[in-house]
Every structure is written in structure tokens, then in C-alpha cells.
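All remarks here apply to the structure that follows.
The values are calculated or read from the model by the stated rules, or taken from the named source; none is laboratory data. In this text, all values refer to a predicted model and were calculated from it rather than measured experimentally. All Cβ positions, glycine included, derive from the backbone under ideal geometry; neighbour counts span all protein chains shown.
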Amino acid sequence: MKCIKAILVLMTLVMLCSPGQSLQVFSGDTVSIDTAVADDIIAAGNMVSINAPVDSAIVAGGTVNINAPVKGDVIAAGGQVYLNSDVGGKVVAAGGNVNLGGNIGTNLVAAGGQVNIFPGKTIKRDALIGGGQVVNAGRVNGTLTVSANQFNNTGSATAVKFHKVEDQSPKREDYEMGFNIFSLLAMLGYFILGLILVKYLPGIIQAVDGEVRRSTLLKTFLGFVMIIASFIAILLVAATVVGLPIALISTLLFFAALMLSGTFVSFSLGKWISERAKIKQGDLVCFIIGFVILNVLYLLPLVGGLVSLIAMSLGFCAILYAARAAAGQAKAA
């Protein structure tokens, strides 16, 4: 699963950070793309359907339907993932059920409870699949590598490597698998949320960015102290019973700030890198660069935990400083 997460973030960098490349974002309970988009898209919702050609797609939802050709790569995660049309590039898919009913131009990486490659469909290079049940009725021109409890191979491949996973009662590995799938979906959610914030709330992003880049080391230390102090303060207020409503609201705000800290730090990191590398790109691309690099760092052994703690502490402190400055400006006005 860590391999899949690394592939996802690296593919995102390749797909979205090329010079002059842009993207379009779609979100809502039901998302239906019915007109062609000559661009890369990111879509999230309870049900997402791509019914017209697009350049490339990153999609997350309860049910994902790709019913039209995709010129480049596809990254999809959901309860049900249906690939019903051809993809010119790579496909990375994760879900409860992953159904591949289209030709894939290069490689496939898929993970799910049930993964199906339908008859007559071709994967032009290699396929790496992990799941409970895997069915290949198509053609893999390269190596088909499968790790599953059950594997039914009525199709063909240049080479087949199968590792049988024993069906056992839920153990630690099962819980780790579920946790990693959840963290993968959460990462996609943070990515989409960050794009929305950068595009529609640039004032907030810029305000927090200014605080992140001002006295960075000091704010990182203060942020760590503030996180501990805030947690203790909330417990003390809640213990008074009278202050319980305040404690509940403070807890929500506290966790919201913690969850958003990495998003703001991603933007600041991407902007700092762009300035040092003299890359002239918009704020969206700066966020994407920072988000991808930060999440790759999170995956590193030992270092990843430290990077996560630093980003959380710095982002938390910067958010509080920006909120205090905004409150002061509102009071002065």
C-alpha cells in the first residue's frame, strides 16, 4: 500500500506540474462531466461519472464511472470503480470493486476486494494487482503480477507471477490494509481541499503563508508547545462542566487547525521551492509541488514521522497567528 501511495503522489507530480499545464476541479454529491475537457481534471463526490473525453483524471468517490476516453493517466479511488472506456496512459485504481472494461495504454496498478479485467481488453505493458479476488479475462502484453486470495486467469499475459494470500480471520495485517486504504483516500481528500482553498480562498492561504515564512523555526517550536497547551486547556475547561459547550467547540476548531496545517505548509513549501528554482507558475501549481514533495517525505522511514510533526506544529502556529492578525484588523476597522 505504501508503494501505491508513493506511485500516486509521484504520478500526480508528473501529470500536473509540467510547465504551462493547468487543471479543472469538480466536486459535489453527484458529479457528471458531460462535455469534453481538453485539460486534466480532479473530481470528487458520492458519484462521479466522466461521460466525455478528458486529458487525464484524478477521481475519488463512492462510485466512479469512467465512460469516455482519457488521453493520459487515470488515478481513481472509490467503493466501486468502473473503467468503461480506453485510457491512453497509466491507470492506478483502488476500491472495493475495480472493474476494468477498457484498454490501457501503458501500465496498471490496482488494489481492491474484487478486481476484474474484462474479456477482450488489453493492457499494453505490465499489471500489478492486489486484492481478495482477481479475474483476468483480458490480455496483458507485459508481466501480470497478482497477490490475491483467489486468482482466475482465463486471459493471457507474457508472464504471470501469482502470490496466494491465505484467507484468514482478521489479523493485524488486515487492519493495516484498511488503515492504509483510508489514509490513501484521506490524502486525495486533502489534495482536493487544498486546491479548492487556493483557488477560492486565496486571501486566507496568503495570510497563513506569510506567517509560515516569518520566523519559521520559532513558529515550529511554538506550534508544538501550543498543541500540547491547547489540548490541556480544553481538558481543563471541559472538566468544569459549565464550560463543556466551549470545550466542544474548541475541540472542533483545534482538530480543524491540525488537519489543515499540512495543507497550508504544502502551499508555502511549493511557493518557496518555486521561488528558489525561479519557476514562474500560479498558486495552484505551487501547492501541487509542495503537496507532492511533502507527502513523499511522509512516506520515508523514520524521517516521515519527524516531517509530519514539524509540518503540523508549523502549520498550527501559523494558523493561530494569522487568525489573531485578522481579528486585530477587524477590531481596528
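Counting only residues that are among the polar types (S, T, N, Q) and farther than 19 Å from VAL208 by Cα, how many does segment 258-284 have?
The number of residues fulfilling the criteria is 1.
Find all pairs meeting these conditions: Cβ atoms under 6 angstrom apart; at least six residues apart or on different chains; first residue within segment 271-284 and touching a residue at least 40 places away in the same chain (Cβ under 8 Å) and of a type outside the set (D, E, K, R); second residue surrounded by 17 or more Cβ atoms within 10 Å (Cβ to Cβ) and in a helix (DSSP H, G or I).
Short answer, once both residue conditions are applied: GLN281/SER274; LEU284/VAL198.
Evaluate segment 142-153: report whether one residue or more is part of a helix (DSSP H, G or I) and either surrounded by fewer than 11 Cβ atoms within 10 Å (Cβ to Cβ) or at pLDDT below 90 (or both).
no
Looking only at segment 206-218, decide whether some residue is closer than 16 Å to VAL59 by Cα and either part of a helix (DSSP H, G or I) or without any contact (Cβ under 8 Å) to a residue 60 or more places away in the chain (or both).
Narrowing segment 206-218 to residues closer than 16 Å to VAL59 by Cα: none.
No: segment 206-218 contains no residue that is closer than 16 Å to VAL59 by Cα and either part of a helix (DSSP H, G or I) or without any contact (Cβ under 8 Å) to a residue 60 or more places away in the chain (or both).
Identify all residues within segment 249-286 that are in a helix (DSSP H, G or I) and surrounded by fewer than 13 Cβ atoms within 10 Å (Cβ to Cβ); write none if there are none.
ILE249, LEU252, PHE255, ALA256, GLU275, ARG276
Name, by its number, the condition in (1) among the small types (Gly, Ala, Ser); (2) in contact with a Phe, Trp or Tyr (Cβ under 9 Å, 6 or more places away or on another chain); (3) surrounded by fewer than 20 Cβ atoms within 10 Å (Cβ to Cβ) that does not hold for GLY45.
The number of the failed condition is (3).
Among residues belonging to segment 285-304 that are hydrophobic (A, V, I, L, M, F, W, C) and farther than 18 Å from VAL212 by Cα, point out the one that is modelled with the lowest pLDDT.
The selected residue is LEU302.
Can ASN97 be described as over 25 Å from LEU193 (Cβ atoms) and either at pLDDT 95 or above or of a type outside the set (Lys, Arg) (or both)?
Yes.
Given the conditions (1) closer than 19 Å to ALA38 by Cα; (2) buried (at least 18 other Cβ atoms within 10 Å of the Cβ), report the number of the one that ASN67 does not fulfil.
Single failed check for ASN67: (2).
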